[in-house]
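Presented below is the structure to which this report refers.
The values are calculated or read from the model by the stated rules, or taken from the named source; none is laboratory data. The shown structure was predicted, so the numbers you read here are calculated from the model rather than taken from an experiment. With ideal geometry, Cβ positions are generated from the backbone for all residues, glycine too; neighbour counts draw on all protein chains shown. These accessible areas exclude ligands, DNA and RNA; they are computed on the full protein's heavy atoms, side chains included. Shrake-Rupley method; radii C 1.70, N 1.55, O 1.52, S 1.80 Å.
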Amino acid sequence: MKPQQLAKILRTITVVNPAEYGLFWDKDGSMPWKEFLWVLQRQEELRFVRESHIKEIELSGLDLPFFLEESRLKLKTAPPIYPAVTPPERLFIAIPLRGVPFVQKKGIFIPSNRSYIALWSNPQESIVMMKPSADEKPVVVTVNTENLPEHSFYKAGERLFLTDLPLPPDCLIIPPVSEKELEELREIKKEKAQREKIKAMSGTSYLQPTSHKEKVSEGKMSGSFLLTVEAFKKQFGMTEDTPDKKSDKKRSKGPDWKREARKIRKTKRSI
């Protein structure tokens, strides 16, 4: 795809009709790069796009309505002003199965990296637009807006609504989830944590000595010999001991008869 064509598509997704793709801009005119990337991944012809492609378009001089900085898209113009509206009686948000126990007790909070909670007028669309989760069953939570008289709601698109206040549990209708499903999820999380722990331990120095000295120190035990290849061969007589320096010096003087002849010559000189 040519950079000019890609730039045009990205403009459409981010500023012309972002709500159709489940996107909205925060109050400061920014948006997490990850959320934008999720949208690109849902479009088969745009799955190849990465941060490098955005930077390439910027360097080529083509105009984009945003720039990329610190893993966020930032608008070059003022952020959009979403109009306050009276919302439908029921709005929907999809959450992963693992989030159900928390939502039942605490409700739904505004994400730490966002200004709003995104809600949908269509339950199926809330599933399509939800954050990707590792093969977890999505659970659609119904929000009873009649129980939220003090909340402000804003319209970001035909079916996308935003609120900048947390949603308490008493306004949420959560489908029943069996204890068996939750237990299976806990087991999956436990196994995953164990695999990550083993993986982390396999990279530590005490399992993978980085020097010969470390390997030697690990092999030493009180009252035992060092189990190395050389020690093993020596223990079973597979190698000869290395001659000491004295024997080397002695051999350097030649055969026995030569040594005796040298002694006789020394005696005659002394006489």
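Brief remarks on what is shown
- FRET efficiency for Lys190 and Lys34, using Cβ-Cβ distance with R0 set to 22 Å, rounded to 0.05: 0.25
- Percent accessible area from carbon and sulfur atoms, segment 63-214, protein chains only, probe 1.4 Å: 55
- Per residue, segment 75-137 exposes 59 Å² of solvent-accessible protein surface, assessed with a 1.4 angstrom probe and all protein chains in place.
- Placed amide H near Leu91: partners under 5 Å, 5+ positions off or other chain: Val143, Thr145
- The ratio of the alpha-carbon radius of gyration of segment 111-156 to the globular-protein estimate 2.2 N^0.38 Å is 1.32.
- Taking amide H as placed 1.01 Å from N in the peptide plane, the amide H of Val139 sits under 5 Å from that of Ile95, Leu97, each at least 5 places away or on another chain.
- If the chain linking Lys8 and Lys131 were pulled fully straight, counting 0.36 nm for each residue of separation and taking away their Cα-Cα distance, it would gain 41.8 nm.
- For segment 1-125, relative contact order (Cα pairs under 8 Å, six or more residues apart, normalised by length) works out to 25 percent.
- Rough spin-label spacing in nm, given labels placed 7 Å along Cα→Cβ, for Glu146 and Leu165: 1.8
- Residues with amide H under 5 Å from that of Arg72, placed H, sequence gap 5 or more: Trp33
- Estimated vicinal HN-Hα couplings, Hz - segment 31-47 in sequence order (Karplus 6.51, -1.76, 1.60; Gly, Pro = x): 7, x, 4, 4, 5, 5, 5, 4, 5, 4, 5, 6, 9, 3, 6, 10, 5
- Where trypsin sites (Lys or Arg not before Pro) fall in DSSP loop in segment 1-108, at most 13 other Cβ within 10 Å: Lys27, Arg47, Arg50, Lys76
- Label-point separation, Phe67 to Lys180 (7 Å along Cα→Cβ), nm: 5.7
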